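Everything on this sheet refers to the single structure shown next.
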Amino acid sequence: MRNRLAALLMALLLLVYLVLVTQRAVLLIATGEPVGVAMGIALFVLPVIAAWAIGRELLFGMRTEQLVKRLDAEGGLPVEDLPTRASGRPLRDAADEQFPQYRAEVEAAPESWRAWFRLGLAYDASGDRRRAREALRQAIRLERAEAKAAR
């Protein structure tokens, strides 16, 4: 819940930023000066890119949250019994020991979104955020394809 509130606060701050930047962009373009016009156009384009990126991240978070709830309801979430640091993050060596199990599960059933999701959690526990996100995105794609096929 705390993460969701933080994400909503960031989205609200982005909205305020976009309004203020849009005002400045209009003023710069209205000057008619080539440098002002160029800066005004840049002020329109860069916030749009930022809004797209934040929207994409919020959507990723919502979709992974849905899959966590679904996997939890099915009893398919891995048990979190790893020793942790004071920060709450699992110890990397302990997480690395469990990793081959999840990799083998994906190799045995590459079309299973559940296996990919658990692999993503294992990557995250091992500290490999890039691969964790890739595995979670694959899980989302597979789950959406499964849902579409079921319709």
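Structural remarks
- Residue among E33, E74, E57 with the largest mean-square fluctuation in a Gaussian network model of the chain, springs linking Cα atoms under 10 Å: E33
- Dividing the convex hull volume of the alpha carbon atoms of the stretch 1-83 by its residue count gives 106 Å³ per residue.
- Cα gyration tensor of the chain - equivalent ellipsoid semi-axes, whole Å, descending: 41, 19, 14
- Equivalent ellipsoid, the stretch 92-150 (semi-axes from 5 times Cα gyration tensor eigenvalues, Å): 22, 12, 6
- Most mobile of R103, R114, R89 in a GNM of the chain (Cα contacts under 10 Å): R89
- Residue of G55, G76, G32 that the Gaussian network model of the chain assigns the largest fluctuation, springs spanning Cα pairs under 10 Å: G32
Readers should treat all values here as calculations from the given coordinates under stated rules, not as data from a laboratory. Everything numeric in this text was worked out from a predicted model, so none of it was measured.
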